[in-house]
Amino acid sequence: MTSTASQPTHETMRHAMVASQLRPNAVNDPRVVTAMDRVPREAFLPAAAAEIAYRDTAVPLGHGRFQNVPIATGRLLTEAYLQPTDRVLLIGAAGGYTAAVLAQLVASVVAVESDATLAADARAALAGYPSVTVVTGPLEAGHAAGAPYDVLVIDGAVEQVPDAIVAQVRPGGRAVAGISDRGVTRLSSGRRTAGGFGLVGFADIECVPLPGFARPKTFSF
């Protein structure tokens, strides 16, 4: 029988996540690495999931939702090229973890969550993060009242990025998201310009699905 004293602490597991999952997989922005090494991921998960907080897997939050895989979140934040003055729109607040990481890196975060219970949990967990505002509403609608944003972070996989969200990013602003295409999730990044908006894939990495972003079904005859 293993004694409690010999079991790894959450802090030890967090450092191991950084060393074995993030650094070897191109999460190479030192600020992102430091933030993810600092924020206690278990504090933003259900108590029953705390022991798997740092595994290389999606963590169930209930309500059909999951906390994104650490590598996916780390890669997305790295490719966002975050600046200390940035105002960020985060789509998929979940339990608040990614918002807490972002709060270490940018000026302010508006985190949108469609599930009222998860949004309430995120607000409670983020009580010590005054630069984060959690908004309850459809993920696909974003939060136009806070626009324009410098950066859009979609912390999960979507089939498309709606024009309504793109319009909330300032011209020249950056965007990162997981894009789901025929069963493959591709982490993608891009910018909004005066002429339009586009995302380019940079890594095929598993990413948790977010509700509300399905492409309209087409019919063939």
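Which pairs have Cβ atoms under 7 Å, sit 6 or more apart or on different chains, and link a residue in the range 187-201 that is under 12 Å from LEU76 (Cα atoms) and free of Cβ contacts under 8 Å to residues at least 40 places away in the same chain to one that is in a strand (DSSP E or B) and among the aromatic types (Phe, Trp, Tyr)? Filtered contacts from the range 187-201: SER188/PHE202; GLY190/PHE197. When SER6 is tested against the conditions (1) open to solvent by less than 30 Å² (accessible area, probe 1.4 Å); (2) modelled with pLDDT under 95, the lone failure is (1).
When the range 144-155 is filtered for residues that are touching a residue at least 24 places away in the same chain (Cβ under 8 Å) and in a helix (DSSP H, G or I), the ones remaining, listed by number, are ALA144, GLY146.
Residue pairs whose Cβ atoms lie under 6 Å apart, sitting 6 or more positions apart in sequence or on different chains, and linking a residue in the range 40-69 that is at positive phi to a partner that is surrounded by 19 or more Cβ atoms within 10 Å (Cβ to Cβ) and part of a loop (DSSP other than H, G, I, E, B), are HIS63/ASP115. Just one of (1) farther than 22 Å from LEU210 by Cα; (2) of a type in the set (Asp, Glu); (3) within 14 Å of the chain's Cα centre (by Cα) fails for GLU79. It is (1). All conditions but one from (1) part of a helix (DSSP H, G or I); (2) without any contact (Cβ under 8 Å) to a residue 60 or more places away in the chain apply to ALA122; the one that does not is (2). VAL134 meets the conditions (1) β-branched (Val, Ile, Thr); (2) open to solvent by less than 50 Å² (accessible area, probe 1.4 Å); (3) closer than 21 Å to TYR81 by Cα; (4) in a strand (DSSP E or B) in every case but one. The failed one is (3).
Looking at VAL153, VAL184, VAL166, can you tell me which residue is under 22 Å from ALA43 (Cβ atoms) and either modelled with pLDDT under 95 or open to solvent by less than 30 Å² (accessible area, probe 1.4 Å) (or both)? Full working, then the answer.
Details: VAL184 fails: under 22 Å from ALA43 (Cβ atoms); VAL166 fails: under 22 Å from ALA43 (Cβ atoms).
Sole residue among the options that is under 22 Å from ALA43 (Cβ atoms) and either modelled with pLDDT under 95 or open to solvent by less than 30 Å² (accessible area, probe 1.4 Å) (or both): VAL153.
The values are calculated or read from the model by the stated rules, or taken from the named source; none is laboratory data. No experiment lies behind these values; they were computed from the predicted model shown. Cβ coordinates were reconstructed from backbone atoms using ideal geometry, including for glycine residues, and neighbour counts include every protein chain displayed. Heads up: the accessible areas ignore ligands, DNA and RNA and are worked out on the full protein's heavy atoms, side chains in. Shrake-Rupley method; radii C 1.70, N 1.55, O 1.52, S 1.80 Å.
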